[in-house]
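Single-structure report; data block below.
The values are calculated or read from the model by the stated rules, or taken from the named source; none is laboratory data. These numbers come from a predicted model, not from an experiment. Positions of Cβ are backbone-derived with ideal geometry, glycine not excepted, and every protein chain shown enters the neighbour counts. In case anyone asks, the SASA skips ligands and DNA or RNA and just uses the protein heavy atoms, side chains included. Shrake-Rupley method; radii C 1.70, N 1.55, O 1.52, S 1.80 Å.
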Amino acid sequence: MKDEISEISSEFSTADVQCMQRALQLAAHARDAENEVPVGAVLVLEGEIVGLGWNRNITLHDPTAHAEIMAMRAAGQKLTNHRLSGATLYVTLEPCAMCAMAMIHARLGRVVYAAPDPKTGAAGSVFNTLIDERHNHRIEVVGGLLADESASLLRDFFRARR
């Protein structure tokens, strides 16, 4: 693990790794406490965590209660603002189109995701929603941070359900 973090550190900062590790903890919480698909998200603004989220669609009977949306809602309430300009969102799975558009509307500055989503990913895997140049707001997007850990959580979760 130590070698892996030092390898990651050249591409991602120590803070990036720590935030993604926290997002992975939230994903495990979603799985363990609520039997939800294990996806977690951490929203950071100016070095401070302002929003945490994990998948809660089943628990809340809400199709929009994805980890990213929950983190942005928490941040919006904490900051009393619907704009989250310049914030960085760390999420354990590549965002879907719904979450990607919410990120654009919130004016996030950066999105860091762990595992790609080959079925519904909206940062280049399937759709280019987050990286489409036609939007009037640009978000920096980087993927692959702790991707193996995230993919393993998801794979194990779905294997156990079959």
Inset, instruction - Please give the FRET efficiency for H137 paired with S13, using the beta carbon to beta carbon distance and R0 = 22 Å, rounded to the nearest 0.05. - result: 0.40
Inset, instruction - Provide the solvent-accessible area of H137, counting protein heavy atoms only and rolling a 1.4 Å probe, rounded to the nearest 10 Å². - result: 40
Legend entry - Positive minus negative residues near C96 (Lys, Arg vs Asp, Glu; Cβ under 13 Å): -2
Legend entry - Over the stretch 38-119, volume per residue of the alpha carbon convex hull, in Å³: 86
Legend entry - CD proxy at 222 nm, helix term only [per DSSP H run n ≥ 4: -39500 (n - 2.57); per residue of the chain; nearest 500]: -13500 deg cm²/dmol
Legend entry - Coarse-grained scattering of the chain at q = 0.10, 0.20 Å⁻¹, given as base-10 log I(q)/I(0) from a Debye sum over alpha-carbon atoms: -0.32, -1.34
Legend entry - Stretchable slack from H82 to M98, in nm (0.36 nm times residue separation minus alpha-carbon distance): 4.1 nm
Legend entry - Relative contact order (percent, whole number), the stretch 23-162, Cα cutoff 8 Å, 6+ residue spacing: 19
Inset, instruction - Find me the longest stretch of the chain that has none of the exposed GluC sites (Glu not before Pro), where exposed means in a DSSP loop (not H, G, I, E or B) with at most 14 other Cβ atoms within 10 Å. - result: 47-132
Legend entry - Separation in nanometres of the label points that stand 7 Å from Cα toward Cβ, at T64 and H29: 2.2
Legend entry - Accessible area of the chain divided out per residue, in Å², using a probe of 1.4 angstrom: 52
